[in-house]
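Colleague: Here it is: the structure, laid out below.
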Amino acid sequence: MAMNPDHPASAASTTPSSTPTGGITIGGDPAHAGKRLAGKRAIVTGAGSGIGRASARLFAAEGAAVLAVDKNIESVSETVAMIVADGGKAIAAAADVGNEADVQALVARAVAELGGLEVFYANAGISGGDVPMSEQTVAQWQEVLRVNLIGPFLALKHAGAHMAAQGHGSIICTASVAGLRANAGGNPYSASKAGVVSLVQTGANTYWGTGVRVNAICPGLIETGMTRPIFDRARAAGSQDKLGQINPLQRFGLPQEIAAMALFLASDDASYVNGQAIAVDGGLTSSLPFKRRAR
């Protein structure tokens, strides 16, 4: 591999360090078998429903203490009640993830009430609706970008700073296949999710040498509150069997399947995964569009 003389690694010795991980836990070590997030503290945004709720519940089931966040305090309180009923530990918070003061307060609360912060899953987002380009407004674009892109940036800025100081942590962002290919979302939504993909790449390098990992998940078609109109229209038309048929698995996904990837990225099993945008889409983005011959 060619070395860049301006890159920090170029000035270092090529001899492997005896402790290349800087003391952080390495995935796959049998000594750390058991609950995959035991002893970790996590923030999950958009936790009032869908992917966020599924992730918060799974994180707690795997041993994490969770600060579950949503703009709707009633729905996120329901999520926390589910976690507590299952024997987990969680607290609820209402916040606007695109507001810097709110995100700062979330990080401070996790540290104060949970005792620390090792995982931040920036999952909250909005679709922006299905509006023709000619009718889209600057205000609509600004709001989608504020929530979907500025929100994850604020997570990287504030949670990342805390994690860098302690020498380890995992930040996960929900992007989308719409950020990888066209025709999977509206213009502002797709642009915001493409921005998230770039953000995790640049963010991983911003936290160079700190032990902080930054990754994104790119879901395909998942049945959530955000995608409910798609599913409702299909069911009303009697075409629900066609949902998800353009991917090789020929089905849509479930929130739990995205939560499973979030759990992996949050855990020490993903200790060498950094700066990646991982599609969880049934294989949708593995191929160019084509028409398959009928069997």
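The values are calculated or read from the model by the stated rules, or taken from the named source; none is laboratory data. On a predicted model such as this, the values are computed, not experimentally measured, just so you know. Counting neighbours? That spans all protein chains shown, and the Cβs are built from the backbone with ideal geometry, glycine included. Just the protein is used for accessible areas: all its heavy atoms, side chains included, with ligands, DNA and RNA removed. Shrake-Rupley method; radii C 1.70, N 1.55, O 1.52, S 1.80 Å.
Colleague: So for each of 185-191, 56-62, 247-253 I average, over its residues, the number of other beta carbons within 10 Å; can you give me the resulting order with the highest mean first?
Modeller: Descending packing order for the listed peptides: 56-62, 185-191, 247-253.
Colleague: Something else about it: Need one number: nm distance between label points at R251 and Y272, each 7 Å from Cα along Cα→Cβ, rounded to one decimal.
Modeller: Between R251 and Y272, the label points sit 3.2 nm apart.
Colleague: Would you mind getting me the FRET efficiency between A85 and V111? Use the beta-carbon distance for r and R0 = 25 Å, nearest 0.05.
Modeller: Calculated value: 0.45.
Colleague: With all protein chains present and a 1.4 Å probe, how do K89, K71, K157, K193 order by accessible area, largest first?
Modeller: K71, K89, K157, K193
Colleague: Still on this structure, please answer the following. In what sequence, highest mean first, do 215-223, 203-211 appear when ranked by Cβ atoms within 10 angstrom?
Modeller: Per-residue mean Cβ counts within 10 Å order the peptides as 215-223, 203-211.
Colleague: Enumerate the amide H contacts of V280 below 5 Å, restricted to partners 5 or more residues apart or on another chain; note that Pro and chain-start residues carry no placed amide H.
Modeller: The answer is C218, G220.
Colleague: ³J(HN,Hα) across region 155-169 via Karplus (A = 6.51, B = -1.76, C = 1.60, θ = phi - 60°), whole Hz, x for Gly/Pro?
Modeller: So the Karplus estimates, Gly and Pro as x, are 5, 4, 5, 8, 5, x, 5, 5, 5, 4, 5, 8, x, 5, x Hz.
Colleague: Let me ask you something else. What is the percent carbon and sulfur in the accessible area of region 44-203, measuring with a 1.4 Å probe over the protein chains and ignoring ligands?
Modeller: 55
Colleague: Label S134 and S286 with points 7 Å out from Cα along Cα→Cβ: what is the distance between them in nm?
Modeller: The two pseudo-label positions are separated by 4.0 nm.
Colleague: Still on this structure, I have one more. First select every other residue whose beta carbon is under 13 angstrom from the beta carbon of L37; then total the charges, Lys and Arg +1, Asp and Glu -1.
Modeller: +2
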